[in-house]
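Reading through the structure tokens given below for one structure.
The values are calculated or read from the model by the stated rules, or taken from the named source; none is laboratory data. None of these values were measured; they are calculated from a predicted model. Backbone-built Cβ (ideal geometry, glycine too); neighbour counts: all protein chains shown. When the accessible area is computed, the model is the full protein with side chains, heavy atoms only, and any ligands, DNA or RNA have been set aside. Shrake-Rupley method; radii C 1.70, N 1.55, O 1.52, S 1.80 Å.
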Amino acid sequence: MTVPASPLERLEASLGALAENEVALERPRDPTHGDYATNVALQAARGLGRPPREVAEEIAARAVDLPEIERVEVAGPGFLNLWVTDAFLGELLGEIGAGYGGGWAEPGQRIQVEMVSANPTGPITVASARNGALGDSVARLLEFSGYEVEREYYYNDAGAQMDRFRSSVDAVRRGESVPPDGYQGAYIAEIAAEPGDPVPRMLEQIEATLERFRIHFDSWAKQSELEVGLDELLAGLSTYESDGALYVRSTEFGDDKDRVLVRSADKGGLPTYEAADIAYLRNKLERGYDRAIYVLGADHHGLAQWFATIARMLGYDPARIEVLFYQLVHLTSGGERKKMAKRKGDVVFLDDFMDEVGVDFARWFLVDRGHDQTIEIDVDLAAERSRKNPVYYVQYVHARISGIVREASEGAEVDPAPRKPLAPEERALVMRLAEFPVVVREATERRGPHAIPVYAIRLADDFHRFYHEHVVLASKGGDHESFRLALIGATREVVARSLDLVGVEAPERM
């Protein structure tokens, strides 16, 4: 892009031109150190062979002439502390509207996000729900950024696990005990009460649960359908036989071992999951996706290298394949951890979790940590409707602002231009809003949607401090009402977008 994505980035670009170096502005923890700070002088001094403070003083002398800058101070060995003008903050505020922070991606790029993809051997568990919350939030970020995104669910409708599932249901239908390696739990008895193949019925339940969880899939891929034509596909690869099994020479393409594609006759003679992986990856890329993103549990970590190997074997750029791994989810209630094991029937299903804490809270708590961290969710806190609950805390901002807007007189003026010097709480809130495009872009590029809840909490903190100190409407707000209405309107827009990006609703009333 030729134009930076946000007003803050434009200011960074202006400063960078003066310093002849890239500038990254940061908010100091101590507001007495300025609205923003940068170490650009220290970086530039290395290349110039000059004292950093001397370079900083020269940059400061030029920076103060920028219309956005009110004053600049040089601190320490060469840090620059900058204060921006109220007029700049007003201009920044005026740019916040629908779509603020998005639409920066290169147009025409198609991305597929494949997520959840749990075998239909039972209802969706909370563990699989973390897969969906992560994958769907990444998809929402990509869509907001301007990519064309499709969500897909891939499931095995054949194989050993499906055989055990069907055998478990059939045993219950006959009034017999479930096989030792089968699936337990009340859901087996429920689905056994219905005639026919239990797999389609379970898939219907899975789809309904995920729709309730606010994940809509554009397509559903079946292993059985992808294996049609598998023999022809495998015949085009470099393979060999050993002990009756068919191997692919994957080490020639960077893998750490050659993989079995078809088991020996004494082991069933059927294709392996690795063979299905090849068929599926080719199918993805032949559908024209520029990038294919897999969302998988940490126990599948070795698949990242395998998928890259498949791409090379098929003649595709492995950079088009991306794998996101997520860690486990633990639920606690009353200080005790709940156990989860699907085979034993000792498991927490997503529907039950949503019944207990609600969809909004389920979505938030399953994505508010980095996917490389284990999540421990306090169900009691998630179910609490108070400011201790971060979801409630953020949603209340949207509801509170919506209430103020309803109270405002019809046709009340909304103007981002300040009518008087801005108070510290007003400045802090505007500057937090200015961070949103950068937060979104980094969260998208790093596939880290947990940054959005972190930002939303900070934005809520800033709003609550502002609201505690200042009155918005004119009866007490005076001629500054128009600015404050613009400020809270922009805050409501960004709060709503932040919540939507992680699949949480923004209520008008609470």
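Summary of values
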{"item": "Helix-derived mean residue ellipticity, 222 nm - over the chain, DSSP H n ≥ 4, -39500 (n - 2.57), to 500", "result": "-14500 deg cm²/dmol"}
{"item": "For the chain, size of Cβ-based charge dipole, Lys and Arg +1, Asp and Glu -1, in debye", "result": "760"}
{"item": "Dimensionless Rg/Rh of the stretch 218-362 - Kirkwood Rh, Rg from C-alpha atoms", "result": "1.07"}
{"item": "Approximate shape of the stretch 58-141 as ellipsoid semi-axes (Cα gyration tensor, √5λ), whole Å, largest first", "result": "47, 18, 13"}
{"item": "Count of Lys pairs (Cα-Cα under 29 Å; at least 8 positions apart or interchain) in the chain", "result": "12"}
{"item": "Unit charges on C-beta of K, R, D, E only; dipole of the stretch 168-256, Debye", "result": "480"}
{"item": "Largest-first ordering by accessible area, 1.4 Å probe, given options S224, S482", "result": "S224, S482"}
{"item": "Rounded to 10°, Cα long-axis angle of helix 160-173 versus longest principal axis of the chain", "result": "70"}
{"item": "Projected-area mean, the stretch 1-74, by convex hull of Cα positions, square nanometres", "result": "5.2"}
{"item": "Relative contact order (percent, whole number), the chain, Cα cutoff 8 Å, 6+ residue spacing", "result": "16"}
{"item": "Added length on full extension, which subtracts the Cα-Cα distance from 0.36 nm per residue, I457 to D157", "result": "103.8 nm"}
{"item": "Between 0 and 90°, nearest 10: helix 273-286 axis offset from the chain longest Cα axis", "result": "50"}
{"item": "Selection from V329, P120, A276 lying farthest towards where the dipole of the chain points positive, charges on Cβ", "result": "V329"}
{"item": "The stretch 82-123: radius of gyration over Cα atoms, expressed as a fraction of 2.2 N^0.38 Å", "result": "2.29"}
{"item": "Alpha-carbon Rg/Rh ratio, for the chain, with Rh computed the Kirkwood way", "result": "1.05"}
{"item": "Karplus 3J(HN,Hα) series, Hz, for the stretch 256-264 with 6.51 cos²θ - 1.76 cosθ + 1.60 (x for Gly, Pro)", "result": "8, 7, 6, 9, 7, 9, 9, 5, 5"}
{"item": "FRET efficiency for E204 and W83, using Cβ-Cβ distance with R0 set to 45 Å, rounded to 0.05", "result": "0.15"}
